[in-house]
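The values are calculated or read from the model by the stated rules, or taken from the named source; none is laboratory data. A quick note: this is a predicted structure, and the numbers were derived from the prediction, not measured. Here the Cβ is made from the backbone with ideal geometry for all residues, glycine too, and neighbour counts use every protein chain on show. When the accessible area is computed, the model is the full protein with side chains, heavy atoms only, and any ligands, DNA or RNA have been set aside. Shrake-Rupley method; radii C 1.70, N 1.55, O 1.52, S 1.80 Å.
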Amino acid sequence: RMREVDLGCGKALLIKENGEFHAVGHKCPHYGAPLVKGVLSKGRVRCPWHGACFNISTGDIEDFPSLDSLPRFQVKIEKEKVYIRASKQALQTQRRTKMMAKCISLSNYNLSSTNVLIIGAGAAGLVCAETLRQEGFSDRIVMCTMDRHLPYDRPKLSKSMDSHPEQIALRSKEFFCTYDIEVLTEMQVAAVDIKSKVAVFKDGFKMEYNKLLIATGNTPKALSCKGKEMENVFNIRTPEDANCVVKLATSKNVVIVGASFLGMEVAAYLAERAHSVSVVELEEVPFKKFFGERVGRAVMKMFESNRVKFYMQTEVSELREQEGKLKEVVLKSGKVLRADVCVVGVGAVPATGFLKQSGINIDSKGFIVVNKMMQTNIPGVFAAGDAVMFPLALRNNKKVNVPHWQMAHMHGRIAALNMLAHGTEISTVPYLWTAMFGKSIRYAGHGEGFDDVVIQGDLDELKFVAFYTKSDEVVAVASMNYDPIVSKVAEVLAAGRTIRKRDVE
């Protein structure tokens, strides 16, 4: 059992499992979810919102997305009474950053060589660097990124589009200084020479490494029609892109191409701010491949009731300008939409072009192929995040690409542990969420190729849970206003148990 208890200057989560008592912070350090509403199972509690897991006896984070762990409080039992002893500061912050090593001999370094080089500064790269330091690694770590910012919470770009980089930074500038994690911003790697262990940057700078992590993520696909280079046509890649779209869209006409997660989140965010929002999509229903037709239709209805117009089963044939600025979006169906801003969300490709001649194994779609330890075919070279194909334990180690935030964190952690030769295999359950009009859909598992959907609850009321099945097995679950069911299912799957179709029917 779990109980939230008030200690006067803050709350703690008191847990009783197998007759033993534990007390930890009561809020998930990620976005502050009340953990008492989460799922307790076998020594850990899982967040009801985004699936992060914490060890109940240490407070340590065991699955993501959160960078910090929970504070742990002393518990003692005297004469049938439970006493919790906690510091005021821990009760107020409700988070604990794990102990980390620092770099011992920074002054002796040759600028152009590092022990660990991390290409990419998203969740995977950051968690890799932090895990190395948490494990006592005290040699040089350099991260490099094409971005001009330190690592930030990228999912927020399409969910709260007017966030400034400082507001969504994952760690402060001081943090990187304190733990000697160097970040080179606006630096792009052009090639990797695996024989001499050198990364060559676009500006000609070269850096030697001992271990390498490639975590470059995805590059958004561009439209292939006439006028795609025009002003006011955006892919949302950076905080600047998102801020600029909000500014230009206010009280104006917006066209979003692609009913992807990004496209739909942007549409929801702009619905109240813009004069009109239109979504153009090739499929007949948004999210059909991912959530199935019935859930997709329910979501579409929610958008339509918020004044978003859909143009389905068609694509863009041309973007037209007036005085150098976007004026209209012409569809293949012949329909012409007024547009002051266009946001493109038609998918992405792995950002791995620079590895073509490297000898690192890349599949036909450009994904880097890794094993369960996130190792590539080259010793000492690891890869993580959206750009990789890895074996998913949940689906009999089938190689899959899971381009989601939680998974990138876990990849980064596993890569770091194996750089230190811990021999740790990845076995996490994919968990993701999307937020639109103040409502969240949560999802766990890997539903690719599902052949049936069992729905409980009420789709019209947007209070439902959907189980995705393949032959007789539940492979994924999605829910809205039905917490903590998705976290429950994730825990069952994480324990290696199978949920059968008849169990949910």
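Some observations on this one:
- Nitroxide proxy distance, nm - points 7 Å out along Cα→Cβ at residue 336 and residue 81: 8.0 nm
- 5 angstrom amide H check on residue 17, placed H, neighbours 5+ away: 22
- Each residue was assigned an accessible area with a 1.4 Å probe, and for residue 14 the value is about 30 Å².
- Highest-first arrangement of 307-318, 481-492, 245-256, where packing means the average Cβ count within 10 Å: 481-492, 245-256, 307-318
- Under Karplus coefficients 6.51, -1.76 and 1.60, residue-wise ³J(HN,Hα) of the stretch 448-453 in Hz, glycine/proline x: 3, x, 4, 10, 7, 10
- 27 Å Cα-Cα reach of residue 11 towards lysines, excluding residues that sit fewer than 8 places from it in its own chain: 27, 37, 42, 76, 79, 81, 88, 98, 439, 488
- Linear extension gain, residue 396 paired with residue 460, 0.36 nm per residue minus alpha-carbon span: 19.5 nm
- Around the Cα centre of the stretch 2-93, unit charges on the Cβ atoms of Lys, Arg, Asp and Glu (plus for the first two, minus for the last two) sum to a dipole of about 240 debye.
- Absence of a disulfide-compatible partner, taken as no other cysteine beta carbon within less than 4.7 angstrom, is noted in the chain for 9, 53, 103, 128, 144, 177, 225, 244, 342.
- Of (1) 24.2; (2) 24.9; (3) 27.6, the label for Kirkwood radius over Cα pairs in Å derived from the coordinates: (1)
- Count Lys and Arg as plus one, Asp and Glu as minus one, and take only other residues whose Cβ is under 12 Å from that of residue 210; the net charge is then +1.
- The stretch 233-346, dipole about Cα centre (Lys/Arg Cβ +1, Asp/Glu Cβ -1), debye to the nearest 20: 260 debye
- Average accessible surface for the chain: 45 Å² per residue, computed with a 1.4 Å probe over protein heavy atoms with every protein chain in place.
- Residue 213 long-range amide H proximity, modeled H, under 5 Å: 117, 118, 119, 382
- Near residue 503: Cβ cut-off under 13 Å, other residues only, Lys/Arg at +1 and Asp/Glu at -1. The net charge is +2.
- Fraction of accessible area attributable to carbon and sulfur, the chain (%, probe 1.4 Å): 47 percent
- Our summary of shape: the Cα atoms of the stretch 2-93 have principal axis extents of 39, 29, 19 Å, ordered from largest down, in whole angstrom.
- Test item: Cα-centred dipole of the chain, Lys/Arg +1 and Asp/Glu -1 on Cβ, debye: 740 debye
- For the stretch 143-247: rounded, prolate or oblate by the Cα gyration tensor [a/c cutoff 1.5]: oblate
- Our coupling estimate for the stretch 440-446, obtained by passing each phi through the Karplus curve with A = 6.51, B = -1.76, C = 1.60 and θ = phi - 60°, is 10, 9, 9, 8, 9, x, 9 Hz, Gly and Pro reported as x.
- Whole-Hz couplings from phi, Karplus 6.51/-1.76/1.60, listed for the stretch 70-79; x for Gly and Pro: 8, x, 10, 10, 6, 10, 9, 10, 9, 6
- Taking the DSSP bridge list for the stretch 233-346 and keeping only pairs wholly inside it, about 40 percent are antiparallel.
- Around residue 193: net Lys/Arg minus Asp/Glu count, Cβ-Cβ under 11 Å: +2
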